[in-house]
Amino acid sequence: MSDAFVCPSCKAPLAAWSCPACGERYPLLFDQTPLLLRGPARHVAREILQFSTPIRRSRQKIAALDQLKRRQPRRAPRLDRIQRAFEQRIALWSAWREALSTQCTLCALFNAADEGPPAAQNYGWERALDYARRDFGEEQVCVREREAIGEACAAAIGRPERLLVLGAGTGRGADDLGSACGQVCAVEKAIAMVMLRHLLTSRPLSFPVVQTRNHVTDAEQTCDVHLPRHHPPANVTFVVADAGHLPWPSADFDAVLSCYFTDVVGLSRLLPEVTRVLAVGGRFAHVGPLGYQFDNYADRYSAEGMVQELGELGFALLDKSSFTSSHLYEPLSLSHSQFENWFTSSRNRCHDNGRGAPHDAATEGSHRRHRRAEEGPRAFRSRRPLTETAGGAPA
Ligand SMILES: C[S@@+](CC[C@H](N)C(=O)[O-])C[C@H]1O[C@@H](n2cnc3c(N)ncnc32)[C@H](O)[C@@H]1O
């Protein structure tokens, strides 16, 4: 790995995955993915404990299904099928938990257990499987959703030499941008996402899905998802880190992308680090949000409000637009959501943090391509009619 990382805590350059200044050691998860988070051992231990939640939930569902079968034997064949899917999911999670346990000491695990149950996590194992299906699935609706988001991200970033992707999820979006950039670095905090990426880059993966709402046939209420092995491009570096404490030196990137992320980690927490790692003249590309997941109203910006805030913080608006997409489209469901998302790119005019950005003719060209002369300065335009979903179904 060629990147020159810094300690996420004290920002001193790392040597052999250790910080000479504060003494912290950072492991390589599965000998592959650097874990550059403050308190790395505690983070892994707490994520291992997170496995208990979906396993416990699924066991409760299996017990409830047992009772139902006793009360309604006529429905047993259908309930059996659902029960089997939950059992298979438990078996998978148990195997993954065992694999992850080799990356953690018993002592760290006990310490994490002593801290009490982990807070409810948005991006645990159940959600990570939904993302894996969307990101690596070959079902047409998944491909279309990826394409709609990928197009917006590509338009927003231009053609940077070094791109940083925040809250990268499974990293599939970052991989798809590899061909437009010299080097892509992706940062993700949830080990569930990281582990699915690790599994899929080593072999194909299958898992059962249970969807009992809004389906046409009984058989569709449980299905097996088969994902092919994924081969990420060589110029993408994937790192477990917190976007609020980035492990790169100042002014290291000429573009930073936030896709569906400012609704998870608010702009006020993100921007100090974004401005630090972005070279002067570099781009902050923003896609989303989907729907705010935090209660801090100060960070719940409207599309216009976010542009205004970025302007006040020293970012000059280059482009703004909108596009229509589904989110985690359930291929067999009869019910779908549609999102009208905006994307913007802004140039960082903040304090000179040492590097400055080289003049980027390709970036300027891309910017001009995506700007339309007839637009008013504050208008967001739509790339797709609102009546059409990414899956092609009526809204
Ligand atoms: C809504 S998902 C979007 C994932 C991806 N950008 C996409 O569009 O598919 C938000 C992601 O941010 C990750 N995340 C949450 N807090 C984070 C943090 N502090 N640092 C880095 N990633 C974080 C979550 O684990 C999750 O994968």
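The values are calculated or read from the model by the stated rules, or taken from the named source; none is laboratory data. This structure is a prediction, so every number in the text was calculated from the model and none was measured. Here the Cβ positions follow ideal geometry from the backbone for every residue, glycine too, while neighbour counts run over all protein chains shown.
Test of understanding: among Thr217, Thr212, Thr222, Thr201, which residue is under 24 Å from Gln32 (Cβ atoms) and among the hydroxyl-bearing types (Ser, Thr, Tyr)? None of the other options fit; the residue is Thr201. One residue stands out in segment 111-128 among those that are surrounded by fewer than 11 Cβ atoms within 10 Å (Cβ to Cβ) and of a type in the set (A, V, I, L, M, F, W, C): the one that is modelled with the highest pLDDT, namely Ala119.
Checking each residue in segment 171-186 for being assigned to a helix (DSSP H, G or I), within 13 Å of the ligand (Cβ to nearest atom) and either in contact with a helix residue (DSSP H, G or I) (Cβ under 7 Å, 6 or more places away or on another chain) or more than 18 Å from Pro289 (Cα to Cα) (or both) picks out Arg172, Gly173, Asp175, Asp176, Leu177.
Residue-wise test of (1) near the ligand (Cβ under 9 Å from one of its atoms); (2) of a type in the set (A, V, I, L, M, F, W, C); (3) touching a residue at least 24 places away in the same chain (Cβ under 8 Å).
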position: Glu220; (1), (2), (3): no, no, yes
position: Cys223; (1), (2), (3): no, yes, yes
position: Pro233; (1), (2), (3): no, no, yes
position: Pro249; (1), (2), (3): no, no, yes
position: Asp252; (1), (2), (3): no, no, yes
position: Tyr260; (1), (2), (3): yes, no, yes
position: Ser268; (1), (2), (3): no, no, yes
position: Pro272; (1), (2), (3): no, no, no
position: Thr275; (1), (2), (3): no, no, yes
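Quick check on segment 324-332. Is at least one of its residues in contact with a helix residue (DSSP H, G or I) (Cβ under 9 Å, 6 or more places away or on another chain) and of a type in the set (D, E, K, R)? Yes, segment 324-332 contains at least one residue that is in contact with a helix residue (DSSP H, G or I) (Cβ under 9 Å, 6 or more places away or on another chain) and of a type in the set (D, E, K, R).
Looking at Arg162, is it farther than 23 Å from Leu196 by Cα, surrounded by 19 or more Cβ atoms within 10 Å (Cβ to Cβ) and either free of Cβ contacts under 8 Å to residues at least 60 places away in the same chain or under 20 Å from the mean Cα position of the chain (by Cα) (or both)?
Values: farther than 23 Å from Leu196 by Cα: yes; surrounded by 19 or more Cβ atoms within 10 Å (Cβ to Cβ): yes; either free of Cβ contacts under 8 Å to residues at least 60 places away in the same chain or under 20 Å from the mean Cα position of the chain (by Cα) (or both): yes.
Yes, satisfied.
When you check Ile90 against the structure, is it more than 15 Å from the ligand (Cβ to nearest atom), in a helix (DSSP H, G or I), in contact with a Ser or Thr (Cβ under 7 Å, 6 or more places away or on another chain) and not basic (Lys, Arg), yes or no?
Values: more than 15 Å from the ligand (Cβ to nearest atom): yes; in a helix (DSSP H, G or I): yes; in contact with a Ser or Thr (Cβ under 7 Å, 6 or more places away or on another chain): yes; not basic (Lys, Arg): yes.
Answer is yes for this residue.
Mind checking which residues of segment 112-129 are in contact with a helix residue (DSSP H, G or I) (Cβ under 7 Å, 6 or more places away or on another chain) and polar (S, T, N, Q)? Of everything in segment 112-129, just one residue is in contact with a helix residue (DSSP H, G or I) (Cβ under 7 Å, 6 or more places away or on another chain) and polar (S, T, N, Q), namely Gln121. All of Ala41, Ala85, Ala64, Ala76 fail the test of being farther than 17 Å from Leu196 by Cβ, in a helix (DSSP H, G or I) and within 23 Å of the chain's Cα centre (by Cα), apart from Ala41.
His198 meets the conditions (1) farther than 20 Å from Glu47 by Cβ; (2) within 15 Å of the ligand (Cβ to nearest atom) in every case but one. The failed one is (1).
Being crowded, with 17+ Cβ neighbours inside 10 Å and either outside any strand (DSSP E or B) or not charged (D, E, K, R) (or both) narrows it down to one of Ser333, Ser321, so name that one. If you could, list the steps in order and put the result at the bottom.
Details: Ser333 fails: crowded, with 17+ Cβ neighbours inside 10 Å.
Result of the check over Ser333, Ser321: Ser321.
Count of segment 104-129 residues, restricted to those that are away from the ligand (no atom under 12 Å from the Cβ) and under 22 Å from Gly167 (Cβ atoms), is 5. Of everything in segment 137-149 that's in a loop (DSSP other than H, G, I, E, B) and away from the ligand (no atom under 15 Å from the Cβ), which residue is modelled with the highest pLDDT? Checked segment 137-149; the qualifying residue modelled with the highest pLDDT is Glu138. Just the residues that are farther than 13 Å from Leu278 by Cβ, within 13 Å of the ligand (Cβ to nearest atom) and either in contact with a helix residue (DSSP H, G or I) (Cβ under 8 Å, 6 or more places away or on another chain) or in a loop (DSSP other than H, G, I, E, B) (or both), please, taken from segment 150-164. If the condition is that a residue be farther than 13 Å from Leu278 by Cβ, within 13 Å of the ligand (Cβ to nearest atom) and either in contact with a helix residue (DSSP H, G or I) (Cβ under 8 Å, 6 or more places away or on another chain) or in a loop (DSSP other than H, G, I, E, B) (or both), then Gly150, Cys153 are the ones that fit. The condition (being within 11 Å of the ligand (Cβ to nearest atom), part of a loop (DSSP other than H, G, I, E, B), in contact with a helix residue (DSSP H, G or I) (Cβ under 7 Å, 6 or more places away or on another chain) and in contact (Cβ under 8 Å) with a residue 60 or more places away in the chain) is satisfied by just one residue among Ala132, Ala168: Ala168. Of the numbered criteria (1) farther than 17 Å from Gly150 by Cβ; (2) surrounded by 24 or more Cβ atoms within 10 Å (Cβ to Cβ), the one Ala168 fails is (1).
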